């Protein structure tokens, strides 16, 4: 049992590039899934059955099947008809997956904003949409924050799965480095440590966000 | 949709789905014991034990299951740990879900009103007998529900062992997409199987939950 | 108090208790003889509940001694499992009744009463059942034996809680504001049960807000404030013409509102 971390040092620039890709994907998916989740939730709640039932179906489908299966379907399935880069498939796949989870949260929190708030706003002369944007959604967003930030912390860990469809995030680049250096333990331990540090930072961020949200509600 | 193809590949997928169930059930079973041990150890009188078990829970929950799987399967031999793919999936799954489950069990125990503990202690029951007769029966409902949520995550996570070539549902689906060029058919069938498994888990959880909380309806 | 030669059932000597910087019990002495009923009154935060909980060791005192029938309850010399064993044994001889009942919601009324005798004294299920039914009869709830606590009113819950405590055949009963959480119309049924116990010469320590009840039922009354016993006397004396101004002030406020 001998450990040799010098290959890890040698490949540090490549690893860091992988970390950068992971973080960029994380930001892109976070924006897409939070904004998209809110839009999907509003459409689901405020449109006729014919419009919203397919949305409800897709939310349900994304939540009851594994991410990797969804990624394979998108990658091999859609790749069958049109050629799209893996990175786009990855971001869209992860984005849709978490959009469903976030929409599910928004649907619950929008419903939880009391009808009294709605009536108060309408009685001031605000219209239906204005009430939604100025009164209901901001409150719903604040209430959703704890679960949203939880989802985003889980999502960042799931970026590692994108290596399965060949996206150059940090697990993928380590697999490449391992194929050259034959040092799987050293590389995967390094990845574990990096992920743990990212997680600690995200948890600190979550605490900060939640304190602010609690202050506002 | 090519229904003939679906009928043709269904047996293969059912077989693979069984592997998914098998690996998840075993991981859940062992995970429960790991979780129970962690619940006890994290409040141990011995400081290093307490510290280590909390650190373990924090690290496992703070890193991806996928990376843990790769670390143990490919990196394991470097520390003398050689596991076949299926065993590796069970072991890593159990140790992973055990950390989450220990938090779920602790949360359920802490949710029981502190007056229950006082009343029991004032009758002369000790810590352990209080846990056995008073606290656990009342925590059971919440515990079953949160373990149920984790069991579903475990089933979905088990798809990742396809990467270390365990022939479970996702592995088989990927292979069939490649060989049949019919992604929609394969996806529909395999998704359906995951849904059936997950709904079965939900049904069992609901049944156990009703039994554990029967007293609230009587 | 007359019989000073026999061992007191409960005795407190110089009991002190701190919560952080706050001293909530500042050296309490108390002697309760066999079959006596002591009421402790006082404003909230006076330390009366802490005192009662200390007797059961639900609060661990910092200084002084507490004795039950001559046996020391608090044992700073015992640690870990040895103390556990000691206190579990002591507690089996004391019945405690809580403000919020703390009935076990997952057990039926009868099971609530029989659990401790069965598991702690090894009483057989059939004998425990007989004993339990007898006790439920005594608190007037034999017809509710198979019912679960969620289906009982507050007064009924508290009566079951009393039966549960009695099932261990305790030497002393401790009541921690047993009627404070009840709707006014349910107070009387619990008081009736407590009076019944008094007539059977059960030794009782009662922390209460019910001045009329305290005057009626007890042999001795104590007024506590700020962690000390301000005044202790026969209930006739304490409630009718208290010596201390703080007691007068407190009673004026409370008797005034309760009529």
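Right, residue C:83: within 30 Å of residue B:128 (Cα to Cα), more than 9 Å from chain B (Cβ to nearest Cβ), touching a helix residue (DSSP H, G or I) at 6+ places or on another chain (Cβ under 9 Å) and modelled with pLDDT under 95 or not? Spell out how you get there, then give the answer.
Values: within 30 Å of residue B:128 (Cα to Cα): yes; more than 9 Å from chain B (Cβ to nearest Cβ): yes; touching a helix residue (DSSP H, G or I) at 6+ places or on another chain (Cβ under 9 Å): no; modelled with pLDDT under 95: yes.
So residue C:83 fails the test.
Checking residue B:176 against (1) at pLDDT 95 or above; (2) more than 13 Å from chain C (Cβ to nearest Cβ); (3) in contact with a helix residue (DSSP H, G or I) (Cβ under 6 Å, 6 or more places away or on another chain), which test does it fail?
Here residue B:176 meets the rest and fails (1).
Going by the structure shown, is residue A:110 more than 27 Å from residue B:190 (Cβ to Cβ) and either at pLDDT below 85 or crowded, with 22+ Cβ neighbours inside 10 Å (or both)?
Values: more than 27 Å from residue B:190 (Cβ to Cβ): yes; either at pLDDT below 85 or crowded, with 22+ Cβ neighbours inside 10 Å (or both): yes.
In short, yes.
I need the full set of residues from segment C:98-118 which are in contact with a helix residue (DSSP H, G or I) (Cβ under 7 Å, 6 or more places away or on another chain), more than 11 Å from residue C:168 (Cβ to Cβ) and within 9 Å of another protein chain (Cβ to nearest Cβ), in order please.
C:98, C:100, C:101, C:102, C:103, C:104, C:105, C:106, C:107
Given the residues C:140, C:64, which is the only one that is more than 8 Å from chain B (Cβ to nearest Cβ) and in a loop (DSSP other than H, G, I, E, B)?
It is C:140.
Being without any contact (Cβ under 8 Å) to a residue 60 or more places away in the chain, part of a helix (DSSP H, G or I), away from chain B (no Cβ under 11 Å) and closer than 17 Å to residue B:58 by Cα, is that true of even one residue in segment A:128-142?
No, every residue in segment A:128-142 fails to be without any contact (Cβ under 8 Å) to a residue 60 or more places away in the chain, part of a helix (DSSP H, G or I), away from chain B (no Cβ under 11 Å) and closer than 17 Å to residue B:58 by Cα.
Would you confirm whether any residue within segment B:125-134 is within 13 Å of another protein chain (Cβ to nearest Cβ), farther than 24 Å from residue A:3 by Cα, outside any helix (DSSP H, G or I) and without any contact (Cβ under 8 Å) to a residue 40 or more places away in the chain?
So far as segment B:125-134 goes, yes, one or more of its residues are within 13 Å of another protein chain (Cβ to nearest Cβ), farther than 24 Å from residue A:3 by Cα, outside any helix (DSSP H, G or I) and without any contact (Cβ under 8 Å) to a residue 40 or more places away in the chain.
Please enumerate the residues belonging to segment B:42-80 that are closer than 20 Å to residue A:195 by Cβ and assigned to a loop (DSSP other than H, G, I, E, B).
Result: B:63, B:64.
Looking at C:218, C:180, which one is more than 16 Å from residue C:95 (Cβ to Cβ) and crowded, with 22+ Cβ neighbours inside 10 Å? If you could, list the steps in order and put the result at the bottom.
Numbers: C:180 fails: crowded, with 22+ Cβ neighbours inside 10 Å.
Going through C:218, C:180 in turn, just one is more than 16 Å from residue C:95 (Cβ to Cβ) and crowded, with 22+ Cβ neighbours inside 10 Å: C:218.
Which residues, taken from segment B:111-124, are more than 7 Å from every other protein chain (Cβ to nearest Cβ), surrounded by fewer than 17 Cβ atoms within 10 Å (Cβ to Cβ) and without any contact (Cβ under 8 Å) to a residue 24 or more places away in the chain?
Listed by number, the residues that qualify are B:113, B:114.
Can you name every residue in segment B:186-195 that is at the interface with chain A (Cβ under 10 Å from one of its Cβ atoms) and either in contact with a helix residue (DSSP H, G or I) (Cβ under 6 Å, 6 or more places away or on another chain) or surrounded by fewer than 22 Cβ atoms within 10 Å (Cβ to Cβ) (or both)?
The initial filter retains those residues of segment B:186-195 that are at the interface with chain A (Cβ under 10 Å from one of its Cβ atoms), namely B:186-188, B:190-195.
Answer for segment B:186-195, where residues must be at the interface with chain A (Cβ under 10 Å from one of its Cβ atoms) and either in contact with a helix residue (DSSP H, G or I) (Cβ under 6 Å, 6 or more places away or on another chain) or surrounded by fewer than 22 Cβ atoms within 10 Å (Cβ to Cβ) (or both): B:186, B:187, B:188, B:190, B:191, B:192, B:193, B:195.
Inside segment C:119-146, can you point out the residues that are in contact (Cβ under 8 Å) with a residue 24 or more places away in the chain and out of contact with any helix residue (DSSP H, G or I) (no Cβ under 8 Å at 6 or more places or on another chain)?
C:121
All but one of (1) crowded, with 20+ Cβ neighbours inside 10 Å; (2) not in a helix (DSSP H, G or I) hold for residue B:167; state the number of the condition that does not hold.
Status for residue B:167: all satisfied but (1).
Within the group B:108, B:35, B:99, B:17, which residue is crowded, with 20+ Cβ neighbours inside 10 Å, within 14 Å of chain A (Cβ to nearest Cβ) and more than 26 Å from residue A:190 (Cβ to Cβ)?
Sole residue among the options that is crowded, with 20+ Cβ neighbours inside 10 Å, within 14 Å of chain A (Cβ to nearest Cβ) and more than 26 Å from residue A:190 (Cβ to Cβ): B:17.
Looking at this structure, is residue A:120 assigned to a helix (DSSP H, G or I), farther than 30 Å from residue A:13 by Cβ and modelled with pLDDT under 95?
Yes, satisfied.
The values are calculated or read from the model by the stated rules, or taken from the named source; none is laboratory data. Small disclaimer: the values here were computed from a predicted structure and weren't measured. Glycine gets a Cβ as well: all are built from the backbone with ideal geometry, and neighbour counts include every protein chain shown.
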